[in-house]
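What follows draws every value from the coordinates through simple rules; no lab data is involved. The shown structure was predicted, so the numbers you read here are calculated from the model rather than taken from an experiment. Backbone-built Cβ (ideal geometry, glycine too); neighbour counts: all protein chains shown.
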Amino acid sequence: MKLGTKIVLSVALLSSLSFASEQFAMSDSDRAMYAEMLENNPADMMVESGSELLSYMGGDAGLAKYLGVTEDELPAYIAGFPRYIKKFDMVVGVDQVLQAMMRDGGHKPLKLKSGNMFDMSAYVKSLANDEKINIDVNANPQMKEAYTLGKEVFETKRGGRGLACLSCHSSDVIGSVLRTQPLPDLSAKGVAVAATWPAYRMTKSSLRTLQRRFQGCMKNALLAVIPLGSKEMVALEVYLTDEAKGATIAIPGLKR
Amino acid sequence: MSTLQKNMMISLFLGASLFATDYSSVIESPDATKIIEKDRLAPATAYKIPEGCISTDPKAIARGAYIFHNLNGKKAKMNPPAGLRKNAKGKNKQYGNCVACHNIEGAQGGGNIGPDLTNYSGIFMESKVRNNQFVYQKIADSRVDNPNTHMTVNLTTKLFNEREICDMTSYIVSPK
């Protein structure tokens with residue numbers, strides 16, 4: 001039934017957005033729909049489904065226990081991801097924690113790119129709603145290293161057009177227009193990216209994670225797309241989460 | 001297959017292998033180092049504009065205009081003019097998407113990250129503020145005169161060949 005609802009929604013979105021797909025402009029009707037969706041984010045449903053999936057592994061209590069915190073401490077703890085977790089000896093996002101938790105619970109871990117994983121990650125991150133991002137990139141050498149790597153990946157020019165993330169997301173171009181799209185400020189002063197993903201993307205009619213969004217920019221700008229969960233991807237997430245540090249988490253976000 | 005295994009198969013997370021491993025093989029963490037290394041932009045390269053590069057032939061200008069205004073073969077509007085290659089694998093060619101950042105005569109949805117190139121011949125060429133070599137180099141590898149540029153690199157990356165850069169240059173410097 002849930003899937004049915006999803007499909008109906010996607011079709012509705014598709015038919016109203018497809019005319020705008022070429023240049024990604026936000027027309028008046030897009031804007032009207034956006035306003036309506038702000039009231040009723042289609043991703044709420046997917047977050048709900050993520051909650052159901054987590055319940056098979058003990059729900060919030062199970063997750064808190066797995067992470068070694070109390071249920072009360074859980075929201076603030078989630079607000080600090082990606083984190084270095086000693087047991088894994090890696091800096092990980094919540095999706096990767098869920099993979100380990102699935103395995104330890106005797107389940108085959110979901111793929112990072114699966115829709116169910118996006119739903120679950122969105123739910124887990126939404127537990128931190130109203131908390132402020134509290135990532136600590138100086139917490140340990142591993143986090144320091146991830147931050148440095150993330151900044152480097154962000155600034156590395158590559159791909160068919162020789163662009164870096166920084167080419168379009170440095171402070172001197174924020175607000176300039178690329179093909180009718182104003183370039184967003186990815187820091188806490190702007191859209192506070194890390195506080196608003198996972199988000200529902202109207203142009204994709206689906207819930208997407210932050211790393212999945214990075215892949216979108218890579219693809220559009222002709223940078224070779226790097227895989228979800230790679231050290232470099234997690235590092236990018238660390239870097240941009242630190243940029244949004246202090247921003248209040250509000251998940252699921254709603255994006256064009 | 002045992003009943004236990006079958007039950008696990010239909011459990012939520014489809015199946016479970018029972019041998020234990022360390023987390024590096026449980027948690028997806030593929031290596032992207034090589035992808036990035038291979039994809040890295042080569043150092044800034046200076047180019048000399050080829051002999052006979054700039055043309056007033058309407059066909060060359062039409063090709064330049066087409067590359068300038070379009071993104072790729074799949075999304076490109078109308079058919080490309082004669083003489084525009086597809087890429088090596090026969091897939092749709094990526095075009096310049098220059099209007100993403102530049103306004104110019106007839107641009108639809110032109111951006112403003114780069115300077116407005118409208119009336120380029122009148123403002124920049126006739127006044128001799130710019131010349132063909134400058135424009136060619138700018139499109140081929142913009143880093144040569146501006147190391148921190150946000151402009152795309154088009155010849156060093158091999159996204160375009162000399163002829164295509166010449167077509168684009170011809171288009172930009174032509175009176176419109």
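Things to note:
- The simple spin-label model puts a point 7 Å past each Cα toward its Cβ; for residue A:36 and residue B:121 those points are separated by 4.9 nm.
- Calculated FRET value between residue A:132 and residue B:59, using beta carbons and R₀ = 45 Å, to 0.05: 0.15
- Relative intensity of the protein assembly as shown on a log10 scale, I(q)/I(0) at q = 0.08 Å⁻¹, equals -0.53, per a Debye sum over C-alpha point scatterers of equal strength in the absence of solvent.
- Test item: A:226-236 mean partner chain Cβ contacts at 10 Å: 4
- Cβ-based exposure ranking for A:90, B:78, in which fewest neighbours within 10 Å come first: B:78, A:90
- Listed residue pairs exceeding 24 Å between alpha carbons, taken from A:87/B:38; A:231/B:93; A:144/B:34; A:111/A:132: A:87/B:38; A:231/B:93; A:111/A:132
- Averaging 1/r over every pair of different alpha carbons in the stretch A:11-255 and inverting the result gives a Kirkwood radius of 18.6 Å.
- Inter-chain neighbour count for A:159-170: the average number of beta-carbon atoms from partner chains within 10 Å of each residue's beta-carbon is 6.
- Considering only alpha-carbon pairs that sit under 8 angstrom and 6 or more positions apart, the relative contact order computed for chain A is 25 percent.
- Taken about its Cα centre, the protein assembly as shown carries a charge dipole of roughly 1680 debye when the Cβ of each Lys and Arg holds +1 and the Cβ of each Asp and Glu holds -1.
- The stretch A:200-233 and the stretch A:107-124 have Cα centres lying 15 Å from one another.
- Cβ-based exposure ranking for B:167, A:44, B:141, in which fewest neighbours within 10 Å come first: A:44, B:141, B:167
- Note on residue A:48 and residue A:89: the model spin-label points, each 7 Å out from Cα along the C-beta direction, lie 4.4 nm apart.
- Around the Cα centre of chain A, unit charges on the Cβ atoms of Lys, Arg, Asp and Glu (plus for the first two, minus for the last two) sum to a dipole of about 920 debye.
- The stretch B:17-176 shape via C-alpha gyration tensor axes, a/c threshold 1.5: prolate
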